[in-house]
Amino acid sequence: MRGKARIAVSAALVLALPACSAETEQPLRGALTTPTDIDLNWQDERTGIAGHVLEFATEKDGPYTVLQYLAPQVTSYRHPDLMPHTTFHYRLTSYRGPTARPHLTDRPDGIRLTWSDDSTGEDGYLLEIRKKDGERYDPVAVLAPDTEATDFVPLPDEQHAAYRVRAFVLGERSNVVRLTTGE
C-alpha cells in the first residue's frame, strides 16, 4: 500500500472491527520455506468475494497487523526476511463490496480521485488499480469510511491505468496459522 498522507493505510481500521465468529471455507495454510521466509496459501471459491486481508501477529491474541489487501485471484503470499526464532500467527479475512468509477483530475504531482459515497455501513474504501494491459484490479490504498476523495501519485507503469474505488465490508475470518522461524 502506498500513497499520500491523506490515504489512511491503517491496520487500526481492521483491528477496531468486531471479530467474526465463524471460520470459513478458506483454509489458510503456511510453511517455513527458509529459516526466515514463510509462504502462505489458500483457496476461496465462494462467489461474491472481492478479496482478502492478510494479517499477522507475534502473539496468539494479537494485535494483528495488516500485511496486504489482496485481489480475489491472489491465493499465495510470501512473508520474507523475518526475525529468527519468532512465532508468527496469520489470518485471512474476506471482504465484499461494490465498486464505482471515480472522477480523475490531473494535479501537478499526481491525480485527484473523487466519487459519491453512496454506501452505508462500509468498513472503508479501497482504491484499486488495473495497469494497462492488466487482467485484474489490485488494491493500492485503504481509505477511511465515508470518504469521497483522495490524492494519488501513480508510479510510471501506472500512468495509463484504470482506477476504481470499492466500498468494502469485512467478512469471515480463516483459521489461524502459527509458524516459528529458525536461525
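The values are calculated or read from the model by the stated rules, or taken from the named source; none is laboratory data. Just so it is clear, the model here is predicted, and its values are computed rather than measured. Note that each Cβ is placed from the backbone with ideal geometry, even for glycine, and that neighbours are counted across all protein chains shown. Note: areas computed on protein heavy atoms with side chains; ligands, DNA, RNA excluded. Shrake-Rupley method; radii C 1.70, N 1.55, O 1.52, S 1.80 Å.
Would region 70-84 turn up any residue that is over 19 Å from VAL165 (Cβ atoms), open to solvent by less than 40 Å² (accessible area, probe 1.4 Å) and in contact with a helix residue (DSSP H, G or I) (Cβ under 7 Å, 6 or more places away or on another chain)? No - not one qualifying residue is present in region 70-84. Close Cβ contacts (under 6 Å, 6 or more residues apart or on different chains) running from residues in region 75-90 that are over 25 Å from GLN43 (Cα atoms) to residues that are at pLDDT 95 or above and open to solvent by less than 20 Å² (accessible area, probe 1.4 Å) comprise PRO84/THR181; THR86/THR181. Taken together, the criteria exclude PRO98 from residues that are in contact (Cβ under 8 Å) with a residue 12 or more places away in the chain and open to solvent by less than 60 Å² (accessible area, probe 1.4 Å).
Given the criteria open to solvent by 20 Å² or more (accessible area, probe 1.4 Å), within 30 Å of ASP118 (Cβ to Cβ) and either at pLDDT 95 or above or small (Gly, Ala, Ser) (or both), does VAL66 qualify? Taking the combined requirement at face value, the residue satisfies it.
Rundown of residues vs (1) under 25 Å from PRO27 (Cα atoms); (2) β-branched (Val, Ile, Thr), yes/no style:
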{"site": "ARG101", "(1), (2)": "no, no"}
{"site": "GLY110", "(1), (2)": "no, no"}
{"site": "LEU113", "(1), (2)": "no, no"}
{"site": "ASP118", "(1), (2)": "no, no"}
{"site": "ILE129", "(1), (2)": "no, yes"}
{"site": "TYR137", "(1), (2)": "yes, no"}
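When residues in region 115-135 are screened for being open to solvent by 10 Å² or more (accessible area, probe 1.4 Å) and in contact with a Lys or Arg (Cβ under 6 Å, 6 or more places away or on another chain), 0 of them pass. Has region 105-114 got at least one residue that is modelled with pLDDT of 90 or more, among the β-branched types (Val, Ile, Thr), within 22 Å of PRO154 (Cα to Cα) and surrounded by fewer than 17 Cβ atoms within 10 Å (Cβ to Cβ)? Yes.
Looking at region 136-183, the strands (runs of 3 or more DSSP E) lying wholly inside it that each contain 2 or more residues that are touching a residue at least 24 places away in the same chain (Cβ under 8 Å), open to solvent by 20 Å² or more (accessible area, probe 1.4 Å) and touching a Phe, Trp or Tyr at 6+ places or on another chain (Cβ under 7 Å) sit at 162-173.
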